[in-house]
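**Q** Once you've had a glance at the structure underneath, I'll fire off some questions.
The values are calculated or read from the model by the stated rules, or taken from the named source; none is laboratory data. It should be emphasised that the depicted structure is a prediction, and the values quoted were computed from it without experimental measurement. Every residue, glycine as well, gets a Cβ built from its backbone with ideal geometry; the counts of neighbours run over all protein chains shown. For accessibility, only protein heavy atoms count, side chains too; no ligands or nucleic acids. Shrake-Rupley method; radii C 1.70, N 1.55, O 1.52, S 1.80 Å.
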Amino acid sequence: MLSDISLPQDARVLVDFRTADDAGVYRLDASTALVQTVDFFTPVVDDPYEFGAIAAANALSDVYAMGGTPLTALAIAAFPKKDFPPEDIQAVFRGGFDTLRAAGVALLGGHTVQDTEVKFGYAVTGIVVPGEQWTNAGARPGDRLLLTKPIGTGIVSTAIKHDAAPEAATRAAVAVMRQLNAEAARALRKAPPGAVHACTDVTGFGLLGHACEVAEASGVQLRLLAAAVPELPDARRLAVRFQPGGAASNEAHFGGRVRLGPGVDAITRALLYDPQTSGGLLAVVAPGASEAVLADLHQRGVAAVAVGEVVAADPADRALIDVR
């Protein structure tokens, strides 16, 4: 869409949209770069407080995925003029603020408009040392793939909208979406220098979509082990009836670059393409450091799992992702 627009060149821009990364990175000086992102969406759960909390965790995740530390946020909100109680609006903002406060992020202000459909999220600014940011583009053959949260939030959220999600499944999905990726990012930053070769967070494009972006930016192929990918409780059962429209869009866009092995059934495929909200980090870690990083993640209470590896790209093979 932007291919016909002449874009300015600025040497201070270290990362922008051209590598499909989670946030932009702009160098201020030799020791500090800004990490900037924006994310907002319509409700994924019924409870307004939980919606606000999830929206905040989701927006902050982009900064964590770049290796940065989030510092400030600006709220972005749209609410109907009628038929949306003021106490619900207050609850959305309170849920978001409580999550920002837990992350040590200052809320500076924001902008609210009237709309027929509720939308909420944040523009977030963080910092990182120039050259120490993580991007999609550094994966190398032999690296291990670590995933820090289970998948299936899109399916469970769709079931919630149809009043068909079991209470336990709803609680589990909400807990995962509200969980900050802060501890996961801290564990990855504690790895030996240069051990984290790439990182992204798994959100709207699903696990396969975001994995494709890493593979393409890095010029490699990712080999995913479907049986190793963690799933939310009841997500597999609910996927039979409640697959969000975004899953089909993801498959239509990325499917030509994904090879699914004969053992990957239709429900597993749906889960792998399922659009996530406030999903986990997909970290690409040097093989010599991956076990220590996993151990540190587990010690911090992050249920991370090794889900595959990076292999060299074959010019004759169109697949960026090989799922086995």
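**Q** Tell me the carbon and sulfur percent of the accessible area for segment 177-324, rounded to whole percent, probe radius 1.4 Å.
**A** Numbers: 3240 of 6040 Å².
Reported share for carbon and sulfur atoms: 54 percent.
**Q** Further, regarding this structure: Once you charge only the Cβ atoms, +1 for Lys and Arg and -1 for Asp and Glu, what is the size of the charge dipole of the chain about its Cα centre, to the nearest 20 debye? Show your work: numbers first, answer last.
**A** Details: 27 positive and 36 negative charges, 80 e Å.
I would put it at about 380 debye.
**Q** Which whole-number value in Å² is the accessible area per residue of segment 1-142, probe 1.4 Å? The partial results should precede the final answer.
**A** Numbers: 7230 Å² over 142 residues.
Ligands and nucleic acids excluded, the result is 51 Å² per residue.
**Q** So for the pair R101, R236, with labels modelled 7 Å out along Cα→Cβ, what separation do we get in nm?
**A** 4.1
**Q** Compare the peptides 180-186, 82-88, 219-225 by average per-residue count of other Cβ atoms within 10 angstrom and give them in order, highest first.
**A** Details: 180-186: 22.3, 82-88: 9.7, 219-225: 20.3.
Per-residue mean Cβ counts within 10 Å order the peptides as 180-186, 219-225, 82-88.
**Q** Still on this structure, I have one more. Within straight cross-link reach of K119, meaning Cα distance under 17 Å, which aspartates and glutamates are found once same-chain residues fewer than 8 apart are removed?
**A** Partners found: D39, D46, D47, E50, D83, E87, D88.
**Q** Then there's this: If each residue of separation counts as 0.36 nm, what is the full-extension length gain between A175 and D314 once their alpha-carbon separation is subtracted?
**A** Working: separation 139, 0.36 × 139 = 50.04 nm, distance 3.99 nm.
Here the answer is 46.0 nm.
**Q** Based on C-alpha coordinates, I'd like the Rg and Dmax of segment 284-324, in Å.
**A** When restricted to the Cα atoms of segment 284-324, Rg and Dmax are 13.7, 42 Å.
**Q** Of K149/K190; K82/K149; K82/K161, which ones are farther than 27 Å apart at the Cα? Can you show the working numbers first?
**A** On the way: K149/K190 19 Å; K82/K149 37 Å; K82/K161 21 Å.
Pairs exceeding the cut-off: K82/K149.
**Q** Can you divide the C-alpha Rg of segment 205-252 by 2.2 N^0.38 Å and report the result to two decimal places?
**A** Working: Rg = 12.8 Å, N = 48, 2.2 N^0.38 = 9.6 Å.
Dividing the Cα radius of gyration by 2.2 N^0.38 Å gives 1.33.
**Q** What Kirkwood radius, in Å to one decimal, follows from the Cα pairs of segment 100-211?
**A** On the way: mean 1/r = 0.0579 Å⁻¹.
When all Cα pairs of segment 100-211 are included, the Kirkwood radius is 17.3 Å.
**Q** Still on this structure: If you wrap segment 1-60's Cα atoms in a convex hull and average its projection over all directions, what's the area in nm²?
**A** 6.0
**Q** Distance between the C-alpha centers of segment 281-302 and segment 187-233? Whole Å please.
**A** Centre-to-centre (Cα) distance: 12 Å.
**Q** Related question: Could you report the accessible area of R18 in Å², rounded to 10, computed with a 1.4 Å probe on the protein chains as they sit in the structure?
**A** Number for this one is 130 Å².
**Q** OK, next. Once you order the gyration tensor axes a ≥ b ≥ c over the Cα atoms, which shape class does segment 111-163 get: rounded for a/c under 1.5, otherwise prolate or oblate by comparing a/b with b/c? It would help to have the intermediate numbers written out before the result.
**A** Numbers: a/c = 4.11, a/b = 1.42, b/c = 2.89.
Oblate, because a/c is 1.5 or more while a/b does not exceed b/c.
**Q** Could you work out which residue, out of P275, P80, P43, moves most in a Gaussian network model of the chain, that is, has the largest mean-square fluctuation with Cα springs under 10 Å?
**A** It is P80.
**Q** Which order do S31, S290 take by accessible area at a 1.4 Å probe, largest first?
**A** Numbers: S31 75, S290 5 Å².
So, going from the largest accessible area down, we get S31, S290.
**Q** Same structure, new question: Mean shadow of the chain, computed from the convex hull of its alpha carbons, in nm²?
**A** Values: hull surface 68.7 nm².
In nm², the orientation-averaged hull projection of the chain is 17.2.
**Q** Determine the share of segment 49-139's accessible area contributed by carbon and sulfur atoms, expressed in whole percent, with a 1.4 angstrom probe. Let's see the in-between values first.
**A** Numbers: 2110 of 3800 Å².
Solvent-exposed carbon and sulfur of segment 49-139 make up 55 percent of the total.
**Q** Now for a different question. Under the definition of Cα pairs under 8 Å and six or more residues apart, what whole-number percent is the relative contact order of the chain?
**A** Details: 758 pairs, mean separation 75.8, N = 324.
With pairs under 8 Å counted, the relative contact order is 23 percent.
**Q** Continuing with the same structure: HN-Hα J couplings of segment 154-159 from phi, Karplus 6.51/-1.76/1.60, θ = phi - 60°, integer Hz, Gly and Pro as x?
**A** Those phi angles translate into x, 5, 5, 4, 5, 5 Hz.
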